[in-house]
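As structure tokens, the structure follows; a few thoughts come after it.
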């Protein structure tokens, strides 16, 4: 699929069309959120310092200040360079915010207050302003004001511990900026909620999205586990995902992801594998029993999968309607038939960077679909 950007920006079609966002965020968390808002139709002005968003400078890049990660986080935005140490530029920012629906920032609150960019100051001239502060830690606790990036929050939240628990190599980071993106998604749903409430009350409000608390909440769903109960029934950690045997399984000639989940799926799997002995085992006969014996079950699964080729398993599992997949690399996904059929992988001509590839908008609206209107812009001094 190829997208041709018009010289004149096409109209926004998404459910947030008409919403004006002033975005003073950088790196991953905030830009991911505001790109989603832009994809959904919001008019986003990205405020950058003269040096630009630090993600502009990540490799690979064809030209300075236009790195791949920046290009993938900043479409559907207009760039405006302002030096907030200069009074006229600070005033220009405040005037932009006066006419905006939303102001989003990941600058630490103490710095914003010194500049008169705190919520109390800004809401005096714009009572309908939705003000979103995205920080490392909540301002309500003793960690307030600490510097934080994705790796730091992965470590502090327990993510690095869980990721490396069965590796034998100590704590490990997930190989993506997970904390940034989870917090970014949280920002992207919190702001429309506040806009919805404003339609009834007529008033704006301040939103706080701290990375630390957001990732703890994200992990707690399954990983709080035995600590859910008081007194605790067991340590934290969801046994199924923590099993040392939970990984893509080695076949005769490669790897396979496989997850029989319901009792029916397990019974069908044991039957097609010729392991009726396991199908009759009481310890594997129900969800509760399988949960109690998950390590042993996954060890048996790994042994069974190793007896056939990947292609043979793919055919058998497809016929038996058992959840499975080959193990793809991200390079493989460029030519994935499903992603291409749904238009998720697209190519476009960037005004300065030449022909590029992007990944589209996954969320579909029947009446008000989002659209991609403008590519990530060069660092410029005018909007």
Within the range 29-47, the residues that are buried (at least 24 other Cβ atoms within 10 Å of the Cβ), out of contact with any strand residue (DSSP E or B) (no Cβ under 6 Å at 6 or more places or on another chain) and assigned to a loop (DSSP other than H, G, I, E, B) are 40
Can you tell me which residue in the range 51-86 is surrounded by the most Cβ atoms within 10 Å (Cβ to Cβ), limited to those that are assigned to a strand (DSSP E or B) and free of Cβ contacts under 8 Å to residues at least 60 places away in the same chain? 67
The one condition in (1) under 28 Å from residue 359 (Cβ atoms); (2) in contact (Cβ under 8 Å) with a residue 24 or more places away in the chain that residue 335 fails to fulfil: (2)
Considering each of 226, 254, 164 in turn, give the residue that is in the same structural domain as residue 29 (by TED's automatic domain parsing) and either in contact (Cβ under 8 Å) with a residue 40 or more places away in the chain or more than 30 Å from residue 113 (Cβ to Cβ) (or both). 164
Hits in the range 16-28 - residues which are in contact with a helix residue (DSSP H, G or I) (Cβ under 8 Å, 6 or more places away or on another chain) and either surrounded by fewer than 21 Cβ atoms within 10 Å (Cβ to Cβ) or part of a strand (DSSP E or B) (or both): 21, 22, 23, 24, 27
Of the conditions (1) under 17 Å from residue 93 (Cα atoms); (2) touching a residue at least 40 places away in the same chain (Cβ under 8 Å); (3) in contact with a helix residue (DSSP H, G or I) (Cβ under 7 Å, 6 or more places away or on another chain), residue 48 fails just one. Which one is it? (3)
Checking residue 183 against (1) surrounded by fewer than 18 Cβ atoms within 10 Å (Cβ to Cβ); (2) over 27 Å from residue 244 (Cα atoms), which single condition isn't satisfied? (1)
Among the numbered conditions (1) surrounded by fewer than 12 Cβ atoms within 10 Å (Cβ to Cβ); (2) under 30 Å from residue 48 (Cβ atoms), tell me where residue 282 comes up short. (2)
Going residue by residue through the range 281-294, is there one that turns out to be modelled with pLDDT of 90 or more and touching a strand residue (DSSP E or B) at 6+ places or on another chain (Cβ under 6 Å)? no
Yes or no: residue 249 surrounded by 15 or more Cβ atoms within 10 Å (Cβ to Cβ) and under 29 Å from the mean Cα position of the chain (by Cα)? yes
Condition check: assigned by TED's automatic domain parsing to the domain that holds residue 41, more than 25 Å from the chain's Cα centre (by Cα) and modelled with pLDDT of 95 or more. Does residue 204 satisfy that? yes
Which of the numbered conditions does residue 328 fail, given that it passes all the others? Conditions: (1) surrounded by 15 or more Cβ atoms within 10 Å (Cβ to Cβ); (2) more than 30 Å from residue 50 (Cβ to Cβ). (1)
Please indicate, with yes or no, whether at least one residue in the range 223-245 is at pLDDT 95 or above, surrounded by fewer than 17 Cβ atoms within 10 Å (Cβ to Cβ) and in contact with a helix residue (DSSP H, G or I) (Cβ under 8 Å, 6 or more places away or on another chain). no
Can you list the strands (runs of 3 or more DSSP E) lying wholly within the range 297-383 that have 2 or more residues being closer than 22 Å to residue 75 by Cβ? 345-350, 354-359
Here's a check for you: in the range 117-135, which residue that is loosely packed, with under 13 Cβ neighbours inside 10 Å and in contact (Cβ under 8 Å) with a residue 24 or more places away in the chain is farthest from residue 193 (Cα to Cα)? 125
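The values are calculated or read from the model by the stated rules, or taken from the named source; none is laboratory data. Just so we're clear, the structure is a prediction, and the values are computed from it rather than from any experiment. Methodologically, a virtual Cβ is constructed for each residue, glycine included, from the backbone with ideal geometry; neighbour enumeration extends over all protein chains shown.
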